[in-house]
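Report on the following structure.
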Amino acid sequence: MWSVPRAAAGLAYERHSPEETQLYRLVERHYPAFVEHLAEQGKTLPAYVEKEFEAYLKCGRLGHGFLRVRCESCHCERLVAFSCKRRGFCPSCGARRMAETAALLADEVLPALPLRQWVISFPFALRFLFASCPEALARALEVIYRLLATHLAHKAGFARKEAATGAVTLVQRFGSALNLNIHLHLLCLDRVHAARPDGRLRFARVKALQREELEPLVQQIAGRVVRVLDSSVTYRNAVGPQAGRKALVLRTLTALAGEDPRDERVAKANGFSLHAGVSCEAHQRDVRERLCRYIAR
């Protein structure tokens, strides 16, 4: 049962029809043949990949289950098909999750304060490591946030122990070409707060960082992350003439391609990339939600 609010009185419900989209038609037509072709070669897809495809082909289809919804005021009834709620490539479920996460962050989590988006990309060796070892990514994120918070506190004129800030981090796993590209998006307060002698909080705005400030910061991030991972994760060559030796040191990390070196708020070092060129002010609620949608996509 549901009731229609007055603000939505002029809106009309339209059922999602995935079977009419080009993506659905391609998967429906070619996925079974692809699985059969693999079976003929004695191969199979990983179980989680098969579940993703099978759930997607049922998402939004009334024949695979639905909910009957009836309006309490006008008694209008609708059939709402079940969704797959997967996190892979379903456009409908992905977009809904993105919108819900963004609304939650913008309305209930993030305060109406200046924010800045920090994007940290990693060299290829670390992308593969993070994909297979989430604990290593968690350790890296801990180091990165601590260094960013320290940098912001110093820039505002405080010692690290005297001031604090806050951030929300979302991990993105793919690049624009659907390639494996695990990188971090942090929405960080563009200010710090410190306690006054009377116990009240004192807020200090942090000025926008310039490239000459980002370069030593990204170098520090690169060095500290590698040192932490070296002490907490076994990452050595298993076979070959280099067996037993470390596979991950700073000199093995190659630079990233495709970024404009003229961007004044991008810095790179040893395959790490740090971008801090997008921000919003306290009164820009619409921009804040767009930023939340971007990091949650």
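The values are calculated or read from the model by the stated rules, or taken from the named source; none is laboratory data. Bear in mind the structure is a predicted one, so any value in this text is a computation, not a measurement. Cβ coordinates were reconstructed from backbone atoms using ideal geometry, including for glycine residues, and neighbour counts include every protein chain displayed. Areas reflect the complete protein model, heavy atoms only, side chains present, ligands, DNA and RNA absent. Shrake-Rupley method; radii C 1.70, N 1.55, O 1.52, S 1.80 Å.
Under 19 Å of direct C-alpha separation, and excluding same-chain neighbours fewer than eight residues apart, Lys43 reaches these aspartates and glutamates: Glu52, Glu54. Ligands, DNA and RNA are left out, and with a 1.4 angstrom probe the accessible area of the range 1-120 is 68 Å² per residue. Please report, as a whole percent, how much of the solvent-accessible surface of the range 121-174 comes from carbon and sulfur atoms (probe radius 1.4 Å). Carbon and sulfur: 60 percent of the exposed surface of the range 121-174.
Under a Cβ-Cβ cut-off of 15 Å, what is the net charge of the residues other than Val143 that fall near it, where Lys and Arg count +1 and Asp and Glu count -1? Here the count lands on +2.
Rounded to the nearest 20 debye, the dipole magnitude of the range 65-127 is 380 debye, with +1 charges on Lys and Arg beta carbons, -1 on Asp and Glu beta carbons, and the Cα centre as origin. The alpha-carbon of Lys51 sits under 12 angstrom from the alpha-carbon of none of the aspartates and glutamates, leaving out residues fewer than 8 places away in its chain. Shown here are the Rg and Dmax of the Cα trace of the range 101-196, at 15.1, 49 Å. Which of rounded, prolate or oblate describes the range 85-142 when judged by the alpha-carbon gyration tensor and an a/c cut-off of 1.5? Judged from the Cα gyration tensor, the range 85-142 comes out oblate (a/c at least 1.5, b/c at or above a/b). Here's the list of aspartates and glutamates a cross-link from Lys268 could span, going by alpha-carbon distance under 15 Å and ignoring same-chain residues fewer than 8 apart: Glu212, Glu213, Glu215, Glu259, Asp260.
Here is the list for the range 37-80: GluC sites (Glu not before Pro) lying in DSSP coil, each with at most 13 other C-beta atoms within 10 angstrom of its C-beta, are Glu72.
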